[in-house]
Number of protein chains: 2
Amino acid sequence: MNVAIIGTGLIGGSMAIALREKKLAAKIIGVESNKQHAEEALKLGLVDEVDNLDEAISKSDLIILAVPVSVAEKMIVSILDQTDQQIVIDVGSTKNAICTTANKSKKRKRFVATHPMWGTEFSGPKAAETGAFAGNAVVICDKEDSDPDAVEWVEKMYRAFGMNILYMDSVAHDVHAAYVSHISHITSFALANTVLEKEKEEGTIFGMASGGFESTVRLAKSNPDMWVPIFQQNRENVLDVLNEHISQLRKFKSCLEKENYQYLTELIENSNKIKRILK
Amino acid sequence: MNVAIIGTGLIGGSMAIALREKKLAAKIIGVESNKQHAEEALKLGLVDEVDNLDEAISKSDLIILAVPVSVAEKMIVSILDQTDQQIVIDVGSTKNAICTTANKSKKRKRFVATHPMWGTEFSGPKAAETGAFAGNAVVICDKEDSDPDAVEWVEKMYRAFGMNILYMDSVAHDVHAAYVSHISHITSFALANTVLEKEKEEGTIFGMASGGFESTVRLAKSNPDMWVPIFQQNRENVLDVLNEHISQLRKFKSCLEKENYQYLTELIENSNKIKRILK
């Protein structure tokens, strides 16, 4: 099977590695608008060749869209319309916008909407990792809108990667993604800005920073080109969660202002319940 | 050298392991108000014996206070007043309160105020780890208020643990700790409460949660018995940082409400500067 990967960055590159490792791709063709990334992807052996979009589609059996969600949404209909019996998947962090748009193509059924729940704060071909997806979840959305043979092949691929497949409609996916992923990025970005705004002795932070700080702030290294379109497409859900989060933080603030340490203890005890739902 | 460790939990227990590993303690005596923890500390071999406070002090050359900061503050003067030439250290996350209180003892100079910048979200003797402190920073506060021989021994111990020693006055320490540690815990607690409040399908979170969510929420497992006293003692600094953090989050909210994606991009680009000051 020949595979076209559109966008050879963190996710596209890691998919290339996994496809090769599992012997699921005879040839991998990269499509990449960033020249430096195209060269890196070739040099790193992530892709066998780099080609333009039309050529790559015509030469491939599987087409993986691994570009920012705004770009994927713009490309999906024209890509689908060019396909014959190829399978097209996306790997974006929002699913409702692309599914709604894909419905406009007469070839909608060749598209499988997926969201592998893995990522790091880094980007570009050099950020691609071996064994990236194993042990994590992948969400397949609106499965009934895709051809069974296409879904089956995609399931086989993600299972080979070691992923646990969840099925969801794309609207529900976006609500849950706001909670388990998008809000974490906003709190990290805002926490980094908090520290950068108020703490002028950067050397001291650098010296003192330990695991706790790093784990809550590391997502703040994430690329705006990827994240702004996600927040844009999932705007209403993210706003809902963000409003709730600000009101939860205000409870902590109020406890401290009023020196109500009994209620502060209760708030922390409640948050400890997260033990139940974290691995 | 005989060492008394008052509080045989996460930090006290990990200190015991490190002291033994570096052959810095001939005998380790645990003082522990929680009977189950006392038994666990003995069973795990963290301590050689468990004794009452007065006996432990009289038998020891080094006394390590590894209890919640509120308890440490209550105990410090009476412990110091009982000492002869022993060295007393604490390992708490706030430093101004204990230093101010310790100043009331005529034996103040035998006390060295320290904050090893390491911890996990777990607590109790079973949470103690081998090699916990290596590669992290430890802050020694108000060094000039301690006897040089006491400081020297404590420096030797932390260096043997593989820690980088920073020196700070206790007031400055508490400001920096609010930024690099305390606020991260508040954001994590609040994020857990946000998700628990709004997301009723806990199974779905469990299924979808990946690295990003886990890293921003894992601190929410932390023990309120440890953290409420920290927030209480560092209340003003924590409130300062928390107010700034809420106002930073409001900027993200406003961008989404007004669909101002240019400014959202700028906010994220600014937060990316954290790359400079994270390891």
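The values are calculated or read from the model by the stated rules, or taken from the named source; none is laboratory data. Keep in mind it's a predicted model, so treat the numbers as computed, not measured. As a convention, Cβ positions derive from the backbone with ideal geometry for all residues, glycine included, and neighbour counts pool all protein chains shown. In case anyone asks, the SASA skips ligands and DNA or RNA and just uses the protein heavy atoms, side chains included. Shrake-Rupley method; radii C 1.70, N 1.55, O 1.52, S 1.80 Å.
Worth a mention:
- Filtering the stretch A:252-279 to residues that are surrounded by fewer than 17 Cβ atoms within 10 Å (Cβ to Cβ) and under 21 Å from B:LYS251 (Cα atoms) leaves only A:SER254.
- B:GLY92 being at positive phi and either in contact (Cβ under 8 Å) with a residue 24 or more places away in the chain or away from chain A (no Cβ under 14 Å) (or both): no
- Yes/no for A:SER184 being without any contact (Cβ under 8 Å) to a residue 24 or more places away in the chain, under 21 Å from the mean Cα position of the chain (by Cα), within 22 Å of B:VAL217 (Cα to Cα) and at the interface with chain B (Cβ under 7 Å from one of its Cβ atoms): no
- Count of residues meeting criterion [open to solvent by less than 50 Å² (accessible area, probe 1.4 Å) and either more than 7 Å from chain A (Cβ to nearest Cβ) or at positive phi (or both)] in the stretch B:220-229: 3
- Condition broken by A:SER271, with the remaining ones in (1) more than 7 Å from chain B (Cβ to nearest Cβ); (2) of a type in the set (Ser, Thr, Tyr); (3) touching a Phe, Trp or Tyr at 6+ places or on another chain (Cβ under 6 Å) satisfied: (1)
- Here B:LYS200 meets the list (1) more than 7 Å from every other protein chain (Cβ to nearest Cβ); (2) surrounded by fewer than 23 Cβ atoms within 10 Å (Cβ to Cβ); (3) part of a helix (DSSP H, G or I) almost entirely, failing just condition (3).
- Output for the stretch B:203-214, where each listed residue is open to solvent by 10 Å² or more (accessible area, probe 1.4 Å), out of contact with any Lys or Arg (no Cβ under 9 Å at 6 or more places or on another chain) and either among the aromatic types (Phe, Trp, Tyr) or not in a helix (DSSP H, G or I) (or both): B:SER210
- Of residues in the stretch A:121-137 being within 11 Å of chain B (Cβ to nearest Cβ) and open to solvent by less than 30 Å² (accessible area, probe 1.4 Å), the one modelled with the lowest pLDDT: A:GLU121
- One residue alone among B:LEU249, B:LEU264 is facing another protein chain (nearest Cβ under 7 Å) and either at pLDDT below 95 or within 26 Å of A:THR265 (Cβ to Cβ) (or both), and that residue is B:LEU249.
- Of the criteria (1) assigned by TED's automatic domain parsing to the domain that holds B:CYS99; (2) under 30 Å from A:THR187 (Cα atoms); (3) of a type in the set (Lys, Arg), which one B:LYS200 fails: (1)
- Checked against the criterion of being within 7 Å of chain B (Cβ to nearest Cβ) and either at pLDDT 95 or above or surrounded by 19 or more Cβ atoms within 10 Å (Cβ to Cβ) (or both), the candidates A:VAL217, A:VAL175, A:VAL171, A:VAL151 yield just one match: A:VAL217.
- Going through (1) at the interface with chain A (Cβ under 7 Å from one of its Cβ atoms); (2) more than 27 Å from the chain's Cα centre (by Cα); (3) open to solvent by 40 Å² or more (accessible area, probe 1.4 Å) one by one, B:GLN232 falls short only on (2).
- Only one entry in B:ILE140, B:ILE165 is more than 26 Å from B:GLU244 (Cβ to Cβ), open to solvent by 10 Å² or more (accessible area, probe 1.4 Å) and assigned by TED's automatic domain parsing to the domain that holds B:LEU42, namely B:ILE165.
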